[in-house]
Amino acid sequence: MAAATLAAVALGVVPQARAEAATDALPLGDTDLTEVRTTRALADGVTLTRIERGSEPAPASQINTTTRGPWVVNVLTIDPSKARGHLKATYGPDLAKVEKTTDLVRASGALAGVNASFFTFTASQLYPGDPVGLGLFGGKLLSEPIADPAEVNFVVDANSNRALTGKLSWSGSVRNRQTDATLPLEFINHPPVVPAGCAALADQTQCTLPGDVVEFTPEFATSTPSGAGVEVVLDRLGCVVRTSTARGTALAAGQTSLQATGRDTAALLDATARGCVSVTSTLTDQDGENLPVRPGLFGVNGRYPLTADGQIVVPAGSGSFFDRNPRTIAGTMRDGKIVLATIDGRQTTSVGTTMDETAAVAQALGMYHAVNLDGGGSTAMAVEGALVSRPSGSTERAVGDALVYVEGPYRSGN
């Protein structure tokens, strides 16, 4: 996938580009605000800059409307031509759990990091860390990008520290090598839904309502989701190890499983009844070009592009998501430098930014291409084991994954 295609503006929303000149000061609030910047080198090619714009705390009632700020922005800049480490995405003990960004940074032995993907969070008590969109870790696709046009992805090759932004798509299928029986694969590592009208059926293969077909890997959790439906466990060659008329099992290293609900239960049993199966999984960019999933490739999901080719491209919108909030941004400069930034918000000491303001900040920081990662209470930046941003809640939120910078060359599995 060429940089020009993945980083293109064709991101599903096709917003109108707005070119705005970058200035030395952040384009936030009144022009007479004081702005203090402090920069320090963390390692060769890696710097941390703290920007404080505005000096007086905001009245609590004016956080969403004040033009006086204040704003606190932390900016991590990585220069691949000088840095001796690598940037990658990471998660906790398993994909479905949540961990604080500081803990993910420490567990990785990383110098610094920020929270990354949108994740299931409170929508699932059992699997809160499940990514809502792309989750690509060390060349393993553990969560597929979703069709929502708002999703935009940040992809980095840890071998070269080359990062790209854009909208990815995915397709998958299961095919019996002997009979050619084929059925579409709908998800990777997401609990399937049992049709309400079939929940009480003793034999789920009698269900005539649409269901799901999902592939699970050992990285998902200590066991696969349990419930009505069928599950087929495969060995590393794609051959059937066991078949069950109920879902939920522990997977050994090298094993995967296929779960089905609804009328797809019978189709899955038929497709895996004889011989071995081939499971295909294909990532493509917005131009339909294949993205080879190779060792060292990482990718996370965000919502909406902020800049593309140096121009502001964030779409117009309304509601709480577009209002002032804490923000996490990932992007690249024109010369290939990688920038990770957090903006504290929902506080009298830093009011946060709207989506428009966030895009303007990204542009002013020199991000030629930038995306909006998960924000709000998830926004966090940790450096040298300590939190440098200030959470909007009473404590740091546990999140699904993080982007972390680790000193030393990337090695598969580290």
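The values are calculated or read from the model by the stated rules, or taken from the named source; none is laboratory data. Small disclaimer: the values here were computed from a predicted structure and weren't measured. Here the Cβ is made from the backbone with ideal geometry for all residues, glycine too, and neighbour counts use every protein chain on show. Ligands, DNA and RNA are excluded from the accessible area calculation, which covers all protein heavy atoms including side chains. Shrake-Rupley method; radii C 1.70, N 1.55, O 1.52, S 1.80 Å.
For region 51-111, the extents of the C-alpha atoms along the principal axes are 41, 35, 15 Å, listed from largest to smallest.
Note on region 395-414 and region 201-230: Cα centroid distance 31 Å, given to the nearest whole angstrom. Computed from label points 7 Å out along Cα-Cβ, the spacing between Thr395 and Ala43 is 2.9 nm.
Based on Cα contacts under 8 Å between residues 6+ apart, the chain shows a relative contact order of 26 percent.
Mind pulling the angle between the C-alpha long axis of helix 355-364 and the longest principal axis of the chain? Nearest 10 degrees, somewhere in 0 to 90. Taking Cα atoms only, the helix is inclined about 60 degrees. Largest mean-square fluctuation among Val339, Val152, Val277, in a Gaussian network model of the chain whose springs join Cα atoms under 10 Å apart, belongs to Val277.
Annotation note: trypsin sites (Lys or Arg not before Pro) in region 277-343 located in DSSP loop regions with a Cβ neighbour count of at most 14 within 10 Å are Arg334.
Rg/Rh for region 235-363 stands at 1.15; both radii use Cα atoms, and Rh follows the Kirkwood definition.
Would you mind finding the longest exposed-site-free stretch of the chain, with exposed GluC sites (Glu not before Pro) meaning DSSP loop and at most 13 other Cβ atoms within 10 Å?
Working: sites that count: Glu289, Glu384.
Here the longest segment lacking exposed loop sites spans 1-288.
Stretching the chain fully between Ala200 and Lys97 yields a gain of 34.1 nm (0.36 nm per residue, less the alpha carbon separation). Take region 365-414 with all the other protein chains still there, run a 1.4 Å probe, and you get 35 Å² of accessible area per residue. Stretched out straight at 0.36 nm per residue, the stretch from Arg175 to Cys239 would grow longer than its current Cα-Cα span by 21.9 nm.
Once R0 is set to 41 Å, what does the formula 1/(1 + (r/R0)^6) return for the Cβ-Cβ distance between Asp309 and Ala246, expressed as a FRET efficiency to the nearest 0.05?
On the way: r = 52 Å, r/R0 = 1.26.
My answer for the efficiency is 0.20.
Rounded to whole numbers, the Karplus 3J(HN,Hα) couplings from phi for region 333-344 are 7, 4, 8, x, 4, 9, 10, 10, 9, 10, 10, 5 Hz, using 6.51 cos²θ - 1.76 cosθ + 1.60 with θ = phi - 60°, and x at Gly and Pro.
Express the C-alpha Rg of region 249-302 as a ratio against the empirical globular expectation 2.2 N^0.38 Å, rounded to two decimals. For region 249-302, the normalised Cα radius of gyration comes out at 1.56. Panel note: the C-alpha atoms of region 85-209, placed on their principal axes, show extents of 54, 34, 29 Å (largest first). Excluding same-chain neighbours fewer than eight residues apart, the lysines reachable from Lys97 by a Cα-Cα span under 22 Å are Lys88, Lys140.
Between Asp148 and Ala25, full extension at 0.36 nm per residue minus the direct alpha carbon distance yields a gain of 40.8 nm.
Each label was represented as a point 7 Å from its Cα along the Cα-to-Cβ direction; for Ser412 and Phe322 these points are 4.6 nm apart.
The alpha carbon centroids of region 105-157 and region 253-320 are separated by 12 Å.
At a temperature of 37 °C and a viscosity of 0.692 mPa s, determine how fast region 128-275 diffuses translationally according to Stokes-Einstein, using the Kirkwood radius over alpha-carbon pairs as Rh; express D in µm²/s, rounded to the nearest whole number.
For the chosen part, D equals 202 µm²/s.
Placing a pseudo-label 7 Å from each Cα along the Cα-to-Cβ vector at Ser278 and Thr182 gives an inter-label distance of 0.9 nm. Between the C-alpha center of region 43-81 and that of region 335-392 there is a gap of 8 Å.
Per-residue ellipticity at 222 nm for the chain, helices alone: DSSP H runs ≥ 4 residues times -39500 (n - 2.57), over residue total, nearest 500 deg cm²/dmol? Can you show the working numbers first?
On the way: 4 runs with 29 residues, N = 414.
It comes out at -2000 deg cm²/dmol, rounded to the nearest 500.
Converting the Cα gyration tensor eigenvalues of the chain into ellipsoid dimensions via √(5λ) gives semi-axes, longest first, of 41, 22, 20 Å.
Please report the carbon-and-sulfur percent of the accessible area for region 234-381; probe 1.4 Å, protein heavy atoms only, DNA, RNA and ligands left out.
On the way: 2420 of 4990 Å².
Taking all protein chains in place, region 234-381 shows 48 percent carbon and sulfur surface.
In plain terms, the bigger the Kirkwood radius, the slower the diffusion; for region 323-414, with that radius from Cα pairs, at 4 °C and 1.567 mPa s, Stokes-Einstein puts D at 92 µm²/s. The portion of the accessible surface of region 93-201 made up by carbon and sulfur, rounded to a whole percent, is 55 (1.4 Å probe; DNA, RNA and ligands excluded).
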